[in-house]
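The structure under discussion appears below in the form of structure tokens.
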Amino acid sequence: MKTCKSCIKEIGVSAIKCPYCQSYQVWYRNPQISALVFPLIYLPLMFYFMGIWFNKEYVDNEKLFNVQEISHAQDEYGRLAINYKIENSTDTKWHSVAYEVSFYDIKGNLLFVKTGQEYSWLIHPKQSALLTVDVDNRLKAEKWVFKIRDLKSGRF
């Protein structure tokens, strides 16, 4: 005979569980332990495969991107479409571009600023991607400046 570790009553030597208080005599025999062990294994693997530990900030990699205007066209209604080629010199896949385009008149005065975000936009490592910005140009902007505000890395 041995004593229960929880209620200190006498139980059989081979008893895994106390017949009085129902407590397990050895911690690893308790089925509730598996509920604690599973997340300890699963969560780090989930973070690894989701890429959360490998996210990079655009601010640190901003100089590794080259942006150039390819073309622009304006229709008779004043709508302007500007096409940009963005080259990625990093070893990271980037997505969800947030951008800002500042429009100026012929004297250099700021007319308006358009901000936007393209969630479906994606650029692979060491490659380039195109981005089209559509604006209503009834104020007759003569010059515009494109700037990437943010890019996301990682899986999602």
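The values are calculated or read from the model by the stated rules, or taken from the named source; none is laboratory data. Treat the numbers as computed from the prediction; the structure is a model and nothing was measured. Reconstructed Cβ throughout: ideal geometry from the backbone, glycine too, with neighbour counts over all protein chains shown. Heads up: the accessible areas ignore ligands, DNA and RNA and are worked out on the full protein's heavy atoms, side chains in. Shrake-Rupley method; radii C 1.70, N 1.55, O 1.52, S 1.80 Å.
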Tally up the residues in the stretch 33-67 that are surrounded by 11 or more Cβ atoms within 10 Å (Cβ to Cβ) and within 19 Å of residue 123 (Cα to Cα), please.
14
Which condition does residue 85 not pass, out of (1) open to solvent by 20 Å² or more (accessible area, probe 1.4 Å); (2) under 19 Å from the mean Cα position of the chain (by Cα); (3) modelled with pLDDT of 95 or more, if it passes all the others?
(2)
Whether any residue in the stretch 107-126 is in contact with an Asp or Glu (Cβ under 9 Å, 6 or more places away or on another chain), open to solvent by 20 Å² or more (accessible area, probe 1.4 Å) and among the aromatic types (Phe, Trp, Tyr) is what I want to check.
no
Looking at the structure I just gave you, is residue 99 farther than 30 Å from residue 153 by Cα and touching a strand residue (DSSP E or B) at 6+ places or on another chain (Cβ under 9 Å)?
no
Of a type in the set (Ser, Thr, Tyr), within 28 Å of the chain's Cα centre (by Cα) and modelled with pLDDT of 90 or more: does that describe residue 96?
yes
In the stretch 90-103, residue farthest from residue 147 (Cα to Cα) [restricted to those that are out of contact with any Phe, Trp or Tyr (no Cβ under 7 Å at 6 or more places or on another chain) and open to solvent by less than 60 Å² (accessible area, probe 1.4 Å)]
92
